[in-house]
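Report on the following structure.
All of the numbers you see were taken from the coordinates with simple rules; none came from a lab. Just so you know, these numbers come straight off a predicted model, no measurement behind them. Methodologically, a virtual Cβ is constructed for each residue, glycine included, from the backbone with ideal geometry; neighbour enumeration extends over all protein chains shown.
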Amino acid sequence: MIKVLFVCHGNICRSPMAEFVLKDMTEKRRIADQFLIASAATSTEEIGNPVHYGTRNKLKQYGISTAGKYAVQLTRKDYQKYDYILGMDQWNIRNISRIVGTDPQQKVHLLLDYTDDPRDIADPWYTGNFDRTYDDIVEGCAAFLAYLSRNNLIH
C-alpha cells in the first residue's frame with residue numbers, strides 16, 4: 001500500500017484538490033486499492049472547515065466530490081504513517097519540516113517535483129485561479145503516478 005499525504009497551508013484548497021484528483025485517477029485506473037490518499041494543513045486556521053467552494057466547484061466540473069472532507073492538521077506522527085508527504089509550495093515544505101522534523105527517509109517533496117517543470121503551485125485562496133491550480137495538480141498527480149509506475153511501485 002502506497003500512503004500519500006498532500007499538504008498545503010489550510011487544507012481547504014490545494015491539498016484536498018490533489019487528494020481527490022489522485023483518488024479519481026487511481027479509481028479510473030483500477031489501482032485505488034493500492035493507495036491510501038489523504039491531505040492535511042500546516043496551519044490551524046481552517047481546521048474543521050469544509051473544502052473551499054472554489055475547489056469544490058472546480059472538481060464538480062469533472063464529477064469529483066469532496067463530500068465529507070474537513071480540514072485537519074499535519075502531525076509529527078504523519079511522518080511515520082505516510083510514504084510520500086507532498087507539499088504544494090516551498091513555504092509548505094518549510095512548515096512540514098517544522099512539524100515533522102528531519103526527513104531522513106526523503107518522504108517530503110513538492111508535488112510538481114515529479115514533473116519536467118518543478119515549481120510551486122500557486123494558492124488559489126490568493127490568486128482566485130482555481131483553473132490554473134487544477135491544471136498544475138493534474139499534471140503533478142499524473143507525473144507522480146508515472147514515477148511510481150517507472151519504479152515498479154504500482155501494478
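The fraction of all Cα pairs in the stretch 106-155 landing in successive 10 Å bins from 0 to the largest distance is 26, 48, 21, 5, given as whole percents.
Shape of the stretch 8-100 from its Cα gyration tensor (a ≥ b ≥ c, root eigenvalues): rounded if a/c is under 1.5, otherwise prolate when a/b > b/c, or oblate?
Details: a/c = 2.04, a/b = 1.27, b/c = 1.60.
Verdict is oblate for the stretch 8-100.
Multiplying the residue separation of LYS60 and ASN151 by 0.36 nm and removing their Cα-Cα distance gives an extension gain of 29.6 nm. Among the listed values [x] 12, 45, 37, 6; [y] 10, 32, 30, 19, 8, 2, 0; [z] 11, 41, 40, 8, 0, the one matching P(r) over Cα pairs in 10 Å bins from 0, in percent as calculated from this structure is [x]. Subtracting the Cα-Cα distance of THR75 and ASP33 from their residue separation scaled by 0.36 nm leaves 12.7 nm. Rounded to the nearest 20 debye, the dipole magnitude of the chain is 460 debye, with +1 charges on Lys and Arg beta carbons, -1 on Asp and Glu beta carbons, and the Cα centre as origin.
For the stretch 1-50 versus the stretch 134-155, the inter-centroid distance based on Cα atoms is 14 Å. The stretch between GLN106 and ALA122 holds 3.4 nm of extra length on full extension. This uses 0.36 nm per residue minus the Cα-Cα distance. Since only ILE99, LEU111, GLY54 are under comparison, the one whose Cα sits farthest along the positive direction of the charge dipole of the chain, derived from C-beta charges on Lys, Arg, Asp and Glu, is ILE99. For the stretch 15-22, the Karplus equation 6.51 cos²θ - 1.76 cosθ + 1.60, evaluated at θ = phi - 60°, returns couplings of 5, x, 4, 5, 4, 7, 5, 5 Hz by residue, with Gly and Pro reported as x. The number of Lys pairs in the chain with C-alpha atoms less than 24 Å apart, excluding pairs fewer than 8 positions apart on the same chain, is 22.
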